[in-house]
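S.K.: Pasting in a structure now, in structure tokens, and then I'll have a few things to ask.
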Amino acid sequence: MVDQFTRDLIQRHEGRRAHVYMDTANHPTVGVGFNLDRADARTKLTAVGADYDAVRAGNADLTNTQIDRLFTDDLSAADTNSRQVVSTFDALPARKKSVVTDMMFNLGRAKFSQFVNLINALEQHNYASAADEMENSAWYTQVGGRGTEDVAIMREPV
């Protein structure tokens, strides 16, 4: 179960838009970071009652309810993946879990899993080292304020 702090953190970092826009990687995106190029995008939008083609073309917007349902599903997947990739996830302090879930939401499981040194530091509860690993990555330079905030949270005393 994802707490409100994590939901708010990710939504602040991703933004929330009913109308399609191009993300920083030039992918059409809608809602809370919902990439319309992903393999399951058509199925997911149809499941919430949206017309994928119309949304992608910019001819239809999502409702708040549709955005919330897509976000909740993606948040649940990020939480599940975080628990599977970081073996000590459930033992992490709440705000450290939020950072891991935020990174997982942003990067996806395959890319997050490449942060081997970060994962090892988390599993050893070495949060200073984890923050260093985050800060010394291409991800950190690419995500701007998200990286700065996530590293600051990771550096907070336990």
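S.K.: Summarise the accessible area of the chain (1.4 Å probe, protein heavy atoms) by the percent that is carbon and sulfur.
M.R.: The value for the chain is 48 percent carbon and sulfur by accessible area.
S.K.: Taking 0.36 nm per residue of separation and subtracting the Cα-Cα distance, what length does fully extending ALA77 through ASN117 add?
M.R.: Between ALA77 and ASN117, full extension yields an extra 12.1 nm.
S.K.: Okay, next question. Students often check this: by mean Cβ neighbours within 10 Å, which of 93-99, 122-128, 136-142 ranks highest, and how do the rest follow?
M.R.: 93-99, 122-128, 136-142
S.K.: Here's another thing I want to ask about it. How many angstrom lie between the C-alpha centres of the range 130-155 and the range 1-74?
M.R.: One Cα centre to the other: 24 Å.
S.K.: Once the piece of chain linking THR63 and TYR21 is laid out straight, how much longer is it, given 0.36 nm per residue of separation minus the C-alpha distance between them?
M.R.: Separation in residues times 0.36 nm, less the Cα-Cα distance, equals 13.6 nm.
S.K.: Can you compute the modelled spin-label distance between THR46 and GLN84, with each label point 7 Å from Cα toward Cβ, in nm?
M.R.: 2.4
S.K.: Sticking with this one: Compute the relative contact order of the chain as a whole-number percentage, counting only Cα pairs closer than 8 Å that sit 6 or more residues apart in sequence.
M.R.: Here the relative contact order equals 18 percent.
S.K.: I've got another one for you. Hey, how much of the P(r) for the chain falls beyond 26 Å, as a percent of Cα pairs?
M.R.: 27
S.K.: Taking the Cβ-Cβ separation of ASP8 and GLU135 as r and a Förster radius of 30 Å, what is the calculated FRET efficiency to the nearest 0.05? All intermediate terms of the calculation are to be shown ahead of the outcome.
M.R.: On the way: r = 23 Å, r/R0 = 0.76.
For R0 = 30 Å, the calculated efficiency reads 0.85.
S.K.: Could you derive backbone 3J(HN,Hα) for the range 15-30 from the dihedral phi with the Karplus parameters 6.51, -1.76 and 1.60 (θ = phi - 60°), listing whole Hz in sequence and x where the residue is Gly or Pro?
M.R.: The phi angles translate into x, 9, 9, 6, 9, 4, 8, 9, 7, 5, 9, 6, 9, x, 9, 8 Hz.
The values are calculated or read from the model by the stated rules, or taken from the named source; none is laboratory data. This is a predicted model, so every value here is computed, not measured. A quick note on method: Cβ atoms are made from the backbone with ideal geometry, for glycine too, and the neighbour counts reach across all protein chains shown. Heavy atoms of the whole protein, side chains included, go into the accessibility calculation; ligands, DNA and RNA do not. Shrake-Rupley method; radii C 1.70, N 1.55, O 1.52, S 1.80 Å.
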